[in-house]
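Everything on this sheet refers to the single structure shown next.
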Amino acid sequence: MSTVPVPGQLIACAAKASLLRFPLPPSLPIPLGVAVPEEVRLVTWAFAGLGALSAEGDAGSAKDRATEPGLRAGAVGPVCLLALAAGRPLADETLTVATHFRDIAVRLEPTSAEALSATERDLLARALLSAGATALASLGDLFGLVEAAVAALPVPEDAPDLAGEEGGWTLRGGAIPHGLLFRTSSGWGCARVVSSRLGFAGGPRQHLAVAPLWGAAPEGRPDRAIALHAHGFTPLATRAA
């Protein structure tokens, strides 16, 4: 374990959710969890600024976490971003991050969300969207940090479509998501997929039953939608039934 705590920037987003940003050691230790305090849980993580360690940059990591090719102006080096859920608000204290290499002690220093660059927000957004069903509540708590990055995600030309029909939504394709992130006229919201009934008339199409988790209600036709899967996400096209 590192005996001297490294300084870390703590961005509190909700009573029980925070983002921790601290310098990334050259050994690129993979975060595995939070050892101390025990009531703090690691939701997901991302590395940013690896272009400072390699002129060619670094691409790819667990759960399709991308890394930026270089540093933003004014940054001092690569950083690690940790999305945290806690049973209490975090403050001026020391947190110990367990990694595959050695534990890292980080001294928490509360700071403003302005410390995050646009690239870091994009990386954090992709990590949160790929973090699985247990991260859906934390996605809501931290959404203010990544809303612009999520809204800017491109929709592929061959993206599956989500359609609003009487009684709910339908999704083209056979891959069943565990959740849906969407934006309606009432704002952003997130819903858990409770069940999916698959039909094959005109190609595979799912009739989804969903339960609201946070934000806007899952009704009407959204103008943006993203299907959330265990190890990734899919921006969706949206259309009327």
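Every read-out reported here was derived from the displayed coordinates using simple, explicitly stated rules and does not represent laboratory data. Keep in mind that this is a model prediction, so the values were computed, not measured. Reconstructed Cβ throughout: ideal geometry from the backbone, glycine too, with neighbour counts over all protein chains shown.
The share of Cα pairs per 10 Å bin across the range 154-240, counted from zero up to the longest distance, runs 19, 58, 22, 1 percent.
Cβ crowding within 10 Å, taken as a proxy for footprinting-reagent exposure, orders R239, R41 from fewest neighbours to most as R239, R41. Just the Cα atoms of the chain, one point each, no solvent: what log10 I(q)/I(0) does Debye give at q = 0.08, 0.09, 0.12 Å⁻¹? Here log10 of I(q) over I(0) equals -0.33, -0.41, -0.70. Computed about its Cα centre, the charge dipole of the chain is approximately 380 debye, with only Lys, Arg, Asp and Glu carrying charge at their Cβ. Note on A151/S27: beta-carbon distance plugged into 1/(1 + (r/R0)^6) with R0 of 45 Å gives a FRET efficiency of 0.80.
Scanning the chain for GluC sites (Glu not before Pro) in DSSP loops with at most 14 neighbouring Cβ atoms within 10 Å leaves 167-241 as the longest stretch between them. Its DSSP H runs of at least 4 residues, each contributing -39,500 (n - 2.57), put the calculated 222 nm mean residue ellipticity of the chain at -3000 deg cm²/dmol, to the nearest 500.
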